[in-house]
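The block underneath contains the structure these notes are about, expressed in structure tokens.
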Amino acid sequence: MKPFKFKQFEIQQSKEVFRVGTDGVLLGALANVNNVFHTLEVGTGTGLISLMLAQRNLQTKVLGLDINEEAAALTKVNFENSPFHNRLANKHLDFKTFETEVKFDLIVSNPPYFEESDSGKDKIARQMVELNFIQLISGAAQIVSPKGLLSVIIPIEAGESFVSIAEEKGLFLNRRVNIKGIESSKIKRLILEFSLHKEEISDSDFIIEKSPRIYSDQYLELTKEFHIFKKKVDN
């Protein structure tokens, strides 16, 4: 597969690993990286989100985990080829067995969200075969720093359940970004951020496209330090 080129790094891709997608770009660009020194990504795929976070925060050290051997190998290549390689590390590891003495200031994940089915397409990345919401939230609650955050992107349909599970595990919703594919459409994704402390919830809206295949000004501004947009040539 062709690599996906960003302004400061390049993503090698594989048919065996979930490709670069809008969800990953949005989480990488919108997750709160203020005062973040130690970052953990659960389920790296290609390593895209970790690379974006490393570009946005020049002080953070990032550790990426993926249970998929092919994904871990691909992440390793993409990390090593990036200008941030000295602050990036990854492991081929199951998050459910992950042990660490480090408390992370930011834990990010674009987690599997479909129930298990017979479909084999991107099964580990998209279906809750190896990691479900309870396992992700429970694990994160144990290793997030006192002022740290868990930041995820999930479908709107899963939002209420995710927030409820998080509260049961001692993580409280601090921020919600409602994402629409197009201005006239319904909300399709949520970026949710949780901490160990109850705070007033920040709620905002984000629109990806202002019309079909035409990015919104909001999206263009958000991703201008990452995407290489082709300039239109006037006739």
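The values are calculated or read from the model by the stated rules, or taken from the named source; none is laboratory data. Not measured: the values here are computed from a predicted model. In this analysis, Cβ positions are derived from the backbone assuming ideal geometry, glycine residues included, and neighbour counts consider all displayed protein chains. Note: areas computed on protein heavy atoms with side chains; ligands, DNA, RNA excluded. Shrake-Rupley method; radii C 1.70, N 1.55, O 1.52, S 1.80 Å.
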Original post:
region 170-234 to region 79-116: how many Å between their Cα centroids?
Top reply: 23 Å
Original post:
From the residues Gln8, Gly43, Leu53, which one has its Cα farthest along the dipole of region 1-83 in the positive direction, the dipole being from +1 and -1 charges on Cβ of Lys/Arg and Asp/Glu about the Cα centre?
Top reply: Gln8
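Which whole-number value in Å² is the accessible area per residue of the chain, probe 1.4 Å? Could the numbers behind the result be given before it?
Values: 12590 Å² over 235 residues.
Per residue, the chain has an accessible area of 54 Å².
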Subject >> Principal axis dimensions, region 131-172 - Cα atoms, whole angstrom, descending >> reply: 29, 17, 17
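So what are the chain's ellipsoid semi-axes, whole angstrom, largest first, if each one is the square root of 5 times an eigenvalue of the alpha-carbon gyration tensor?
Three semi-axes, in Å: 25, 22, 19.
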Original post:
If you project the alpha carbons of region 1-119 onto their three principal axes, what span does each projection cover, largest first, in Å?
Top reply: 42, 33, 23
Original post:
Roughly how big is the chain's charge dipole about its Cα centre, with Cβ charges of +1 (Lys, Arg) and -1 (Asp, Glu), in debye to the nearest 20?
Top reply: 860 debye
Original post:
Given the options Thr100, Thr22, Thr39, which has the most mean-square fluctuation in a GNM of the chain, springs set between C-alpha atoms less than 10 angstrom apart?
Top reply: Thr100
Original post:
Charges only on Cβ, +1 for Lys and Arg, -1 for Asp and Glu: so what's the dipole of region 120-221 about the Cα centre, in debye to the nearest 20?
Top reply: 340 debye
Original post:
Rounded to the nearest whole Å³, what is the per residue volume of the convex hull around the Cα atoms of region 134-232?
Top reply: 123 Å³
Original post:
When only C-alpha pairs under 8 Å and at least 6 residues apart count, what is the relative contact order of region 6-50, in percent?
Top reply: 51 percent
